[in-house]
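Written out below as structure tokens is the structure these notes cover.
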Amino acid sequence: MISPVKRLQKQFSPEHYELFLNPDRDKQKFRGTVVIQGYRSGPPSKRVVLHQKDLKILSAEITHHTKSSEAQIVVDRINTHKKYDELRLHTKNSLRPGKYTIKVEFSGKITKAMSGIYPCFFEDNGKQKQLIATQFESHYAREVFPCIDEPAAKATFALSLVTPKDETVLSNTPILDQTPSKSKNYATTSFVTTPKMSTYLLAFAYGDLGYLQAKTKAGTIVRSYATKQNVKFTKFALDTAVKCLDFYSEYYGIDFPLPKCDLLALPDFASGAMENWGLITFREQTMFVDPDHTSLATKQYVALVVAHELAHQWFGNLVTMRWWTDLWLNEGFASWMEYFAIDHIFPEWQLWVQFAVDEQQRAFSLDSLSNTHPIEVKINHPDEIRTIFDTISYSKGSSVLNMLHNYVGKSDFKNGLRYYLEKHAYSNTDTVDLWKALEEVSGKPVEQFMHTWTSKPGYPILKVSLEDNKVELSQERFFINPAHRVHDETLWPIALLSNHEELPSILSSKQKAFRTKSSNNLLVNRGQSGFYRAIYNPTHLEELGNQIRRGRIDPIDRLGILSNVFETAKAGDMDTVEALHFISYFENEDNFAVWDIIASSLVKLRHIMDEPEILENMKPYIRKLVSKQLKRLGWDKKTADTHFDKLLRPIILGLAASADQPEIIAKCRKLFDQINFSGKGGATIDPDLKPIVFKTVARLGGKPEFDKLLKLYNHSNSPEDKNNLCSALQSFAQPELIDRALGLIKTDKVRLQDVPYWIFYGFVNRYEKKMIWEWTKQNWQWLEQNLGGDLSFHRLPIHVVYSASDKAFIKEYKNFFTPLLSPVLERSYRQGLEILEYQCVWRERSIKEVANFFKLESN
């Protein structure tokens, strides 16, 4: 058990920071001075403690302010405590409660770890250049200046920065003043004082940048910044941002709190994006849209990321969680609101159907483990914080909020949020504060309804049994791993959302029976807004299957039913072959989201039942399964295509390619062969279909294909293409080519931010699993040194087991990771071990029946 760190705000509470920084790009160092005004509280003490990490403290002064005078306090000793990231200023005389000013001079390093202050590398007309940027969430402001680096320690910030005079310099607020520095090539830029905010939201960046500009209806200036050769690709993100800001200002009933809002695409960025107030930073691939070369899926993703970060400008920045335990208040809400806003802006995208796949199903997957955690999770040590930037905080958080939105109602939910934001503006809250606001407005028992969903781990499976118009309902916690099932007395208030009026709206008991007039079409959790799985007795499941075949059940409920069937099969509550037979009811399926479930279920089965005979016999089955939609959609886009047709085509073609459909393989090879580097044309590949082309030629190819893919990778400036090509380069079967791909990871050909992709794709490749595992073990120290502060680092144990189902590997996994366990890795290690164990059990239990099924289907 990790001991809780002390909250430093309890002894000193900052009100205002005057921060001066002078970074040296050439030497990768910086010097600075911070003057902190604040209040000392608690009993008298001869020291004051601030956060710092890896800073060199040059001097420190303390001044005590009273109504009538100022007194210098002698600092007679300065200590830095590495374990707790603390700067301890010891004084000769006792510090009593009151107002103080603390001035500290310091220096530090600009590092490549993509936290604190760090460089971003890019090329402009053959010349190597650097942007300098910051990342302070979750607790990295302390790497740049001494501060109270806790979300509840809100203060105002007045930043001054020395930078090259001809470069663009940005921070949270507009420029107040810019004056020449002593060196004629530099200028000192002072920014307008920020609103009261948390340290993790402070940000700045400078470099050779271009921008596009627009305005909201209220007159807020919105700019999208990027390197000059790429700024044209930010127009879609800029247009979406303006629409989002207008939508949020109206929805929240509060105008955007700052005079400007900048969106900045960074060539190197560890996360997807960061909501710094007024200066939102993005990884390039989450902000760039090339109208001619960006896939529809990526365009959707960019819109959702922009909406997510802008939602934070109110929910997270204006009102902030008190401590990281309530991180989900920030991330879960923004993850729900991104869909709410983009559905308003692009209603034709039908995003709530996609939400059920991309957020809810992802949350179900992690939360079905015994080693999950509650939405409200106790955080003792700062190093634990990054481990909860996970599916539970984001996807489960957004899923239970979607359920709450349905329970409270649209109008009361909106008015409750407005009340919450107005009441707590520029301050901090806990989860219960949101419940109280919604409860006060709606009159419904929100806290009582939501408490179990956020305070307890896991979720229920609702078992529905129908016989002779009698419906029996029972709930229990769902576990994917039979070996990890424990007795759990949790009772969730389940919103039944039934199409039968005889059933109540909420089931809070363990079991209950009802009589209905007719049970043939009974369905629960309609619309899939309830965060639970439902499984029906075999007779009724067959009836629902027949209704699916006849098109009488909505797509969102079709995908919910199918997903529940497959997950209960994985858990051993149903034969896997029964789940495969259930797919036959979807012979007329034409919905993208439902096909997403079909495809992901088959891909997972292929990874776990990894036997050559099974994989070969799956191919004719898949070719038959996709034949109807393959004929309808074809390779080329059609005028009559719906938005969902455009998203479905890559899934169908991808399945057909993986099953070696002859004409699809031939098309992939033809398009790939036509690609040239002369600049005089060549193949034009639909951006939606590039991943299929690249991965297919890699899977079936050899050295010539590898060389060409690598050349494409090295020449590409598109983040999306880089990712697709990375996946392809990690898809070869030949050991010598796998070895070449692994050899690229630590070179300058691969950005540090992209290393986790290379590792994940390696573990997905059945031919590479053993080699990438050995590479990971041999290079762990390098990974930890370069990615240890990255939010993706703690997920590596889960990447390792993604497609593993070999019982012998359990011992290897334990032996390697056990000595490395730390607050960063422990949670994901335990989750990875449980996933590995359940996949081994699933394989052992089902492999014979699965082999027989596909053998019969292949004849």
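The values are calculated or read from the model by the stated rules, or taken from the named source; none is laboratory data. From a predicted model like this one, the values you see are computed outputs, not experimental measurements. In this analysis, Cβ positions are derived from the backbone assuming ideal geometry, glycine residues included, and neighbour counts consider all displayed protein chains. Just so you know, the surface numbers come from the protein's heavy atoms only, side chains and all, with ligands and any DNA or RNA stripped out. Shrake-Rupley method; radii C 1.70, N 1.55, O 1.52, S 1.80 Å.
Summarising the amide proton neighbourhood of GLU150: residues at separation of 5 or more, or on other chains, whose placed amide H is nearer than 5 Å comprise THR199.
For LEU523, nonlocal amide neighbours, meaning residues 5 or more places apart or on other chains whose placed amide H falls under 5 Å from its own, are ASN499, HIS500. Bridging of LYS746 to lysines at a Cα separation below 19 Å is possible for LYS112, LYS711, LYS722, LYS769, LYS770, LYS777, once same-chain residues fewer than 8 apart are set aside. Under the simplified labelling scheme, the LEU821-THR80 pair shows an inter-label distance of 3.1 nm, with each label point 7 Å from Cα along Cα→Cβ.
Just check segment 154-285 against the gyration tensor rule for me: Cα atoms, a ≥ b ≥ c as the square roots of the eigenvalues, rounded for a/c under 1.5, and otherwise prolate or oblate depending on whether a/b exceeds b/c. Oblate. The gain in end-to-end length when the ASP24 to SER181 segment is fully stretched comes to 55.2 nm, 0.36 nm per residue minus the alpha carbon separation. Among beta bridges identified by DSSP and lying wholly in the chain, the antiparallel ones come to about 80 percent. Sequentially through segment 227-235, phi angles give Karplus couplings (6.51, -1.76, 1.60; θ = phi - 60°) of 4, 4, 6, 10, 4, 5, 7, 9, 5 Hz, Gly and Pro residues having no value and appearing as x. With all protein chains in place and a 1.4 Å probe, the accessible surface of segment 248-292 carries 47 percent carbon and sulfur. Straight-line cross-link reach from LYS154 at under 19 Å between alpha-carbon atoms covers these lysines, not counting any fewer than eight positions away in the same chain: LYS6, LYS10, LYS99, LYS103, LYS196, LYS423. According to the square roots a ≥ b ≥ c of the eigenvalues of the Cα gyration tensor, what is the shape class of segment 498-539, taking rounded for a/c under 1.5, prolate for a/b larger than b/c otherwise, and oblate for the remainder? Rounded shape, in that the Cα axes give a/c under 1.5. The string of couplings for segment 406-413 from the Karplus curve (6.51, -1.76, 1.60, θ = phi - 60°) is 5, 6, 7, x, 4, 5, 5, 5 Hz, one whole number per residue in order, with x for Gly and Pro. In whole angstrom, how far apart do the alpha carbon centroids of segment 606-626 and segment 631-660 sit? Computed from Cα coordinates, the inter-centre distance equals 20 Å. Residues whose amide H lies under 5 Å from that of LEU462, counting only those 5 or more places away or on a different chain, are ARG533, ALA534, ILE535; hydrogens are built 1.01 Å from N in the peptide plane. In plain terms, the chain from ARG606 to GLN128 could stretch by 167.7 nm, reckoned as 0.36 nm per residue minus the Cα-Cα distance. Label-to-label distance for ASP673 and GLN448 is 7.2 nm, based on points extended 7 Å past Cα in the beta-carbon direction.
In this label model, ARG7 and TYR426 are separated by 2.1 nm, measuring between points 7 Å along each Cα→Cβ vector.
Between GLN229 and LYS770, the C-beta separation translates, for a Förster distance of 45 Å, into a calculated FRET efficiency of about 0.65.
Computing the accessible area with a 1.4 Å probe over protein heavy atoms, can you report the carbon and sulfur percentage for segment 719-786? Result for segment 719-786: 48 percent of the exposed heavy-atom area is carbon or sulfur. Segment ILE810..LYS92, full-extension length gain: 252.7 nm, with 0.36 nm per residue of separation and the alpha-carbon distance subtracted.
Residues of segment 169-204 with an amide N closer than 16 Å to a point placed 7 Å from the Cα of ASP255 along the Cα-to-Cβ direction: 174, 195. Take the solvent-accessible surface of the protein heavy atoms, probe 1.4 Å, and return the percent of it on segment 415-492 that carbon and sulfur atoms account for. Here carbon and sulfur together make up 44 percent of the probe-accessible area.
Please go through the residue pairs LYS667/LYS749; LYS217/LYS436; LYS56/LYS92; LYS182/LYS228; LYS53/LYS749 and name each one whose alpha carbons sit more than 24 Å apart in this structure.
Checking Cα-Cα distances, LYS667/LYS749; LYS217/LYS436; LYS182/LYS228; LYS53/LYS749 exceed 24 Å.
Accessible area per residue for the chain, computed on protein heavy atoms with a 1.4 Å probe, is 40 Å². What shape does segment 161-233 take by its C-alpha gyration tensor, where a ≥ b ≥ c are the square roots of the eigenvalues and a/c under 1.5 counts as rounded, a/b above b/c as prolate, and the rest as oblate? Cα axes put segment 161-233 in the oblate bin.
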